[in-house]
1. Being closer than 29 Å to Ile87 by Cβ and under 15 Å from the mean Cα position of the chain (by Cα) narrows it down to one residue among Leu20, Leu67; which is it?
2. Under 8 Å between Cβ atoms, at least 6 apart or on separate chains: pull out the pairs that start in the stretch 1-21 with a residue that is over 15 Å from Tyr46 (Cβ atoms) and end on any residue that is of a type in the set (Gly, Ala, Ser) and assigned to a helix (DSSP H, G or I).
3. Only residues in the stretch 70-97 that are free of Cβ contacts under 8 Å to residues at least 40 places away in the same chain count as the first member; pair them with residues that are polar (S, T, N, Q), Cβ under 7 angstrom, at least 6 apart or cross-chain, and list the lot.
4. Look at the stretch 159-170 and say how many of its residues are modelled with pLDDT of 95 or more, assigned to a helix (DSSP H, G or I) and surrounded by 15 or more Cβ atoms within 10 Å (Cβ to Cβ).
5. Just checking, how many residues over the stretch 36-45 are surrounded by fewer than 17 Cβ atoms within 10 Å (Cβ to Cβ) and either at pLDDT below 95 or more than 19 Å from Gly115 (Cα to Cα) (or both)?
6. Given the residues Asp33, Asp53, Asp19, Asp27, which is the only one that is in a helix (DSSP H, G or I) and loosely packed, with under 14 Cβ neighbours inside 10 Å?
Amino acid sequence: MSVAREQDIRRRAIDATRDLAAAGGYDSVQMRDVVRLSRLSSATIYRHFSSKDHLLAATHLEWIGALERSDAARPDGTDAAERVCAILHNTCRTMARHPRLTAALIHALGSSDPGVGDCHREINRIMNDMFRTALGDEITGADEFVHLLGIAWEGALFSWAFGRMTMDDVERTVTRSARLLLLGTAAEPAP
């Protein structure tokens, strides 16, 4: 199969999944509806995606990839804290505009499906790279900062997806976490 055909299959399946999740959330993404909207056979979809959760995780990966290519991933700011918090703000605002889709994508990341795990690792890599770029050379211990911020970010998003926080709460939590972590890294002596 040609690369162009592979990309077309992937694009059609992801577009259908995104549209279904945006309209009705996680439960509205049914494989029979993905088949119908994408005009692909179920066998074709399952050759590329092992499950509904894998398809949703791939949709999430596409969304984060688009964010990475946007201006939102390269914010202006006079210091690392401003730039990191701008990325968090831009991402939270984007997610808040699409609550059903966001909740479906976050929900799928909880799956033990190996395809989801692969997508999750790539999503984390992209977000971590954006944060590292925002940090610049100003911060020692950037890898530890990115790791800990990722844990706070993911925990807050899961709390939001299950109705325990608002998206404003998520943004406040992760920006406060980023600022506190940056204070800690600034206080540590350089190696």
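The values are calculated or read from the model by the stated rules, or taken from the named source; none is laboratory data. It should be emphasised that the depicted structure is a prediction, and the values quoted were computed from it without experimental measurement. Don't worry about glycine lacking a Cβ; one is built from the backbone with ideal geometry, like all the others, and counts go over all protein chains shown.
1. Numbers: Leu20 fails: under 15 Å from the mean Cα position of the chain (by Cα).
Checking each option against the conditions leaves just Leu67.
2. Going by the 8 Å Cβ cut-off, the qualifying pairs are Asp15/Ser38; Leu20/Ser28; Ala21/Ser28; Ala21/Ala104.
3. Close Cβ pairs satisfying both conditions: Ala72/Asn90.
4. 4
5. 4
6. Details: Asp33 fails: loosely packed, with under 14 Cβ neighbours inside 10 Å; Asp53 fails: loosely packed, with under 14 Cβ neighbours inside 10 Å; Asp19 fails: loosely packed, with under 14 Cβ neighbours inside 10 Å.
After applying the criteria, what remains is Asp27.
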